[in-house]
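So the structure is just underneath, and the comments pick up after that.
Derivation of every value follows stated rules applied to the coordinates shown; laboratory data play no part. Here the structure is a predicted model, which means the values were calculated and not measured. Here the Cβ positions follow ideal geometry from the backbone for every residue, glycine too, while neighbour counts run over all protein chains shown.
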Amino acid sequence: MSAGEMAMQPQQPADIPVPVEPPPAVAAMPARAAWRRRARWLASTLLTVFITLAGLLLVTFLLGRVLPADPVLRVVGDRAPQELYDRVYREMGLHRPVAQQFALFVGDMVRGNFGKSLVTGNPIAEDILRYFPATFELATLAIVIGVLAGIPLGVLCAQHAGRLPDHLARVASLAGHSVPIFWLGIVGLLVFYANLGWVGGPGRLDVAYRYSVPEVTRLMLVDTLLAGEWEAFGNALSHIVLPATLLGLVALGYVTRMTRSFLLWQLRQDYTTVLRLKGLSESAILWRHALRNAAGPILAVIALTYAYLLEGAVLTETVFAWPGLGMYITDSLFAADIPAVLTATLLVGLIFMLVNIASELIQSALDPRTHRP
Amino acid sequence: MNHLTASVRWLASDTPATRTQARLGAVYRLLRRLLGHPIGVAGLVVVGFIALVALGAPLLPLADPAAQSLGERLLPPSAAHWLGTDTLGRDMLSRLVFGARPTLAIVLLVLLASVPAGLLIGAAAGLWGGWVDAVLMRLADVFMAFPRLILAIAVAATLATGLWTAVIAIALTGWPPYARVARAEVAAVRQAEFIQAARALGVSRLRLLLRHALPLCLPSAVVRAALDAPGIVLITSGLGFLGLGLPPPAPEWGAMVAEGRAIVFEAWWVSTLPGLLILALSLGFNFLGDALRDVVDPGVK
């Protein structure tokens, strides 16, 4: 018996008289078994997190230090004198054994010491903190749009499964999966900004409003509201609405498809037959019962889609000159600022992992049958 | 004509005489069902057409995709240049046709690398279980955790750009889904009678894996590969768009979208046409995969 299991044994106080007839062992089992299961689940999740994190670190380390032919040349350029080359070589710790280099690298990462950007000269962590809120704002608005439109559409598809609305939605959601988001952004700007003039152009605000709002949360919509600048809020909204809607379309396709198939599965269960016999209307069954029972897997899908949107944001941001993490990655890329690119990669990988775990937790919290904490 | 009916009857036979006949018959029945599926036919037509044109590109009467003619910059579509010209006066039609080649090559190579690797790893984990299973599946978890596009960007940024870098970068995160499904499918039959019988006959571990366990995973892997292809198309063109694809004069759809981006208000065709082709190819693969899923396993519908 491990120490953890020992600690979980219920203490038997000595002064309570032992009942004449001991309660059946079965009655005591569920609570203890549940605790043991939770402990085992926690241990295995932590192990997965640890291993994944180590894997992420190892891959970024290999990409940054080991695989390139000569990481020093990338810093000093190929015309540097030998002394400079040697000094940078030692500063980067390349004279040490690879294992030791990796240990030092991990130590730096864990302490949040990501090094300095080769281009801006700022600590990379600081740069990323400044860029990340824009991505967060964009992806969050996109997922809200995708979910608010995708779930009703999915219900509609399930209600008319196999008929015209279902087929239309199927083709539309496959199209949403297939469209290159960077191209959609260019076409969107061409139509809605240049030709129709309905939305603001690239960037988060018109130049006229720039610096008129104090940075508090760095989320433009929130900051303008906090400052009470309604005009600037409207302007920020007109800028974010197009990229967020286009990203939302990508989410919409996926959410619709998955909602549909989860609901169809629910409709095959016996309880829906009972509800039908009770005389409930088909839409009441779908909205009030089936949707609620499918909530766990749907939320898990939404979480995964959100992680996917963070990735899609990289390409969207390049098109819309949106100063977020994606812009940061591509800008650093063109400036050959590899440490910045790799740190951003690491960060996105970390968010990915956290979102995955969160989705698993949500799913099990909503569906006791998955038997997890 | 008689030959045809005879061979169809041979294919559709309920009592195949040889193993080959049974296999070909299964493929034939699958194709028949796919051809009865409108979405599947649409996907097959689109992907088949693009693949044919890409293969036959050098034989078609097209202008040289790299021939510049600065006097003929940004001409709109006309009789001489059916789809206009780009910023360097190159013929758009020819560049679009030749641009299909690297995209399809990358899709093919990534699938050729990630599907067998994923199936082997997954089937081994499912068949042998124990610590092999634990180690291999943790490895799959690690690679699943990476955001695909971002890792591809990081790999392409640190190694030299080119076809092979793109293939490696995309295949690296491509195999875990195949491994997971294969593991589940093989683990379900690990104690099945035909596996036990094979074990009792003294079949070697490797042969058991390759000849008895692996074939079970093929149908679902084909469906998954078709559904995986559009993602690969999008990542490939995304890398091209960021300038991490093939080095310049080579025509590549994503890079062409990027070239036309600055002049999209004056010359819409330079940027929009290659994007439409990316959309068509990846939609075609999605249609095909979606229909294959219905056809291969009607239960999942």
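The modelled label-to-label distance for the pair A:Asp206/B:Leu218, using points 7 Å beyond Cα in the direction of Cβ, is 6.4 nm. How charged is the neighbourhood of B:Trp269? Take every other residue with its Cβ under 15 Å from the Cβ of B:Trp269, and add Lys/Arg as +1 and Asp/Glu as -1. It works out to a net charge of -1. Taking Lys and Arg as +1 and Asp and Glu as -1, the other residues whose beta-carbon sits under 13 Å from that of B:Ala26 total +4. Computed from the Cβ-Cβ distance with R0 of 35 Å, the FRET efficiency linking A:Leu148 to A:Ser44 stands at 0.50.
Placing pseudo-labels 7 Å out from each Cα toward the beta carbon at B:Ala6 and A:Ala54 gives an inter-label distance of 6.5 nm. Once you have a ≥ b ≥ c as the square roots of the Cα gyration tensor eigenvalues for the protein assembly as shown, tell me rounded if a/c is under 1.5, and otherwise prolate or oblate according to whether a/b is larger than b/c. Rounded is the answer for the protein assembly as shown, as its axis ratio a/c remains below 1.5.
What is the list of residues in the range B:83-106 whose amide nitrogen lies under 12 Å from a point 7 angstrom out from the Cα of B:Leu60, following Cα to Cβ? Those under the cut-off are B:83, B:92-101. Residue by residue along B:261-273, Cβ atoms of other protein chains within 10 Å of the local Cβ number 2 on average.
Radius of gyration (Cα atoms) of the range B:2-300, expressed as a multiple of 2.2 N^0.38 Å: 1.19. A Förster distance of 45 Å, applied to the separation of the beta-carbon atoms of B:Val27 and B:Arg73, puts the FRET efficiency at 0.35. Mean sequence separation of contacting Cα pairs (under 8 Å, at least six apart), scaled by the length of chain B, corresponds to a relative contact order of 23 percent. Between A:Ser281 and A:Gln82, the simple spin-label model (points 7 angstrom out along Cα→Cβ) gives 8.8 nm. A simple count of charges around B:Ser94, restricted to other residues whose Cβ falls under 14 Å of its Cβ and scoring Lys, Arg +1 and Asp, Glu -1, yields -2. Based on DSSP H runs of at least 4 residues, each adding -39500 (n - 2.57), what is the mean residue ellipticity at 222 nm of the protein assembly as shown after dividing by all its residues, to the nearest 500 deg cm²/dmol? Value at 222 nm, helices only: -23000 deg cm²/dmol.
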